[in-house]
Amino acid sequence: MGVGSAGQRHGRADVVIRRAVARDAARLTRLVRTSRAYEGPYAPMVAGYRVGPDYIEAHRVFVAVDDATDQVLGFYALLLDPPELDLMFVADAAQGLGIGRLLATHLREEARDAGLTGVRIVSHPPAEGFYRSIGAEPVGTVRARPPAVMWDRPELLLRTG
């Protein structure tokens with residue numbers, strides 16, 4: 001492990017986590033829109049979703065890529081004020097390979113380096129178990145807001161310490 005010009009290596013020799021750049025926008029948008037986690041009743045939530053270059057430039061967006069192929073394996077977006085995980089997605093083909101845990105570890109480090117003691121997570125209901133498995137603690141429920149969000153979502157806190 002170490003830090004190279006492409007980004008920070010985490011755990012697996014073939015995965016690099018780096019800051020997203022504007023040219024990543026189309027690939028990140030495609031990852032969100034095609035995620036199996038948002039099939040069925042959740043599909044309308046991401047149908048028209050877009051991760052634009054402006055979003056990437058305005059926020060701390062980090063992408064996990066295969067170092068050899070530059071294939072996007074996952075990404076997350078950390079908002080600093082207030083501290084919140086805005087997005088975290090792992091490509092369907094990369095599910096079960098530890099990419100989510102690598103991103104979560106990186107998220108904690110980024111948040112800690114920014115002086116944050118915790119990060120709020122409003123979870124997609126099927127992802128709650130993952131967030132709990134990385135140490136996020138339930139703190140409440142965010143109620144549905146039709147038509148934008150049709151279901152209640154778990155609210156969790158991921159401490160950086």
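The table that follows gives values for the structure above.
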quantity	calculated
Scattering curve values for the stretch 40-126, log₁₀ I(q)/I(0), Debye with Cα scatterers, q = 0.13, 0.18, 0.26 Å⁻¹	-0.47, -0.90, -1.45
Percent RCO, i.e. relative contact order, over the chain, from Cα pairs under 8 Å lying at least 6 residues apart	17 percent
The chain: most fluctuating residue of 129, 96, 40 per GNM, C-alpha cutoff 10 Å	40
Per residue accessible area of the stretch 72-148, 1.4 Å probe, in Å²	47 Å²
At R0 = 35 Å, FRET efficiency that the Cβ-Cβ distance of residue 26 and residue 143 yields, to 0.05	0.60
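The values are calculated or read from the model by the stated rules, or taken from the named source; none is laboratory data. Quantities reported herein were computed from a predicted structural model and do not represent experimental measurements. Quick reminder, even Gly has a Cβ in these numbers, built from the backbone with ideal geometry, and neighbours come from all protein chains shown. Side chains are part of the model used for accessible areas, which takes the heavy atoms of the whole protein and leaves out ligands, DNA and RNA. Shrake-Rupley method; radii C 1.70, N 1.55, O 1.52, S 1.80 Å.
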